[in-house]
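Single-structure report; data block below.
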Amino acid sequence: MGRVHLFEFEDQKWFPKFLRDYGTDFLQFLSNKTKLYRPAVSILEKGLKADGSNTIIDLGSGGGGGLLWLNSELLKSHPDLKIVLTDYYPNLNAFEYTKKQADNFEFIATAIDARKVPESLKGLRTQFLSLHHFKPDDAKRILQNAVDSNSAIGVFEAQERSIPSILAMLFSPISVLFTTPFIRPFKIGRLIFTYLIPVVPLFVLWDGVVSSLRTYSVKEMKALVNSLENHDAYNWEIDRVKSGPGVILYLLATKKN
C-alpha cells in the first residue's frame, strides 16, 4: 500500500483551535493510560546516553502525547531529566496541565517549527505521532535540521500503513465516547462537541485513518535518511517493535563519536 498524503483536520489553519485541542487531549490521555509508548523507554534512554544530555525537546507535542507516563519511567534512570514541550499549534491548556503533573516539564508558548528548530533548544529531539503530518520534503528537512544542528533525534509513530492499523482506527470514535468524561483539564465544550454535536469523534476517526495512510514505513524512513547530507556522521536505528496489539515504528539518530 503506497503512502497517501490526504488532509487531516488537525493540520488545517482554519480548523478551530479548541477542536484541535480536544483531539490532542484525547491522544494524550489514551497514550498515557495505555502506556502506548512503553517500547520507547529503552530507545529514549539510549538516545539520552549517546547525546550526553538530560533534556528532551519534544516537537509537535500536541497535548503532550504519552510523555507523562514516559517521564515517570525515565526519571528512574535520569532523575535530572527535563522535558520541553513545543508545537506549531501549541495546546497551552494541555501544556500547563502537564507541567502541573510533573515539575520537570517546561513548554514554549509560541509556535516552534520542527523543520527549523531554534538553536537555543538543545537536547534530544523527539517526535511522537507527528512525522506523518509532513510530506517527504518536509520530513527530510526535519531530519536534516537535526543533523545540521548536531542534535540527536528520536521519532515514534504508534500506527502503520496497514489494514489492521486502519481497522483499529475505525474504533477510535468509541474510545473517544468512553474516555471523554475522564480527560483533564475538564471542559464543558469537550462534552458538547463529543456527545451533543459529535464533531470530535468524527474528526478523530478521519484523522486516525489518514494518519495510518500517511505513515512512513521503515523502508521509506531509511530512504529519507539516505538522502540527507552528512547522514553518515550519525548512527541510524530504524525499526518497528510490538506495543500491545499494535506496533511502534521508530527512528533514532545519534551522533557518531
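The values are calculated or read from the model by the stated rules, or taken from the named source; none is laboratory data. Computed from a prediction, not measured in an experiment: that's the story for all the values here. Cβ sites come from the backbone with ideal geometry, for glycine too, and all protein chains shown count toward neighbours. These accessible areas exclude ligands, DNA and RNA; they are computed on the full protein's heavy atoms, side chains included. Shrake-Rupley method; radii C 1.70, N 1.55, O 1.52, S 1.80 Å.
Summary table below
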read-out: Residue selected from region 80-131 under the condition open to solvent by 20 Å² or more (accessible area, probe 1.4 Å), in contact (Cβ under 8 Å) with a residue 60 or more places away in the chain and hydroxyl-bearing (S, T, Y), by the criterion farthest from V225 (Cα to Cα); value: Y97
read-out: Selection from region 212-246 of residues that are under 30 Å from S172 (Cβ atoms), among the aliphatic types (A, V, I, L, M) and in contact with a strand residue (DSSP E or B) (Cβ under 6 Å, 6 or more places away or on another chain); value: V218, M221, I238, V241
read-out: Qualifying residue in region 146-155 (condition: out of contact with any Gly (no Cβ under 6 Å at 6 or more places or on another chain) and within 24 Å of E96 (Cα to Cα)); value: yes
read-out: Residue identified as under 24 Å from Q12 (Cβ atoms), among the β-branched types (V, I, T) and not in a helix (DSSP H, G or I) among V176, V155; value: V155
read-out: Which numbered condition G246 misses (of (1) open to solvent by 50 Å² or more (accessible area, probe 1.4 Å); (2) modelled with pLDDT under 95); value: (1)
read-out: Test for L44: is it open to solvent by less than 20 Å² (accessible area, probe 1.4 Å), of a type in the set (A, V, I, L, M) and either more than 27 Å from S212 (Cβ to Cβ) or modelled with pLDDT under 95 (or both); value: no
read-out: Conditions (1) out of contact with any Lys or Arg (no Cβ under 6 Å at 6 or more places or on another chain); (2) open to solvent by less than 50 Å² (accessible area, probe 1.4 Å): number failed by W69; value: (1)
read-out: Every residue from region 10-28 that is among the polar types (S, T, N, Q) and open to solvent by 20 Å² or more (accessible area, probe 1.4 Å); value: Q12
read-out: Exclusive hit being surrounded by 23 or more Cβ atoms within 10 Å (Cβ to Cβ), at negative phi and modelled with pLDDT under 95, set S53, S31; value: S31
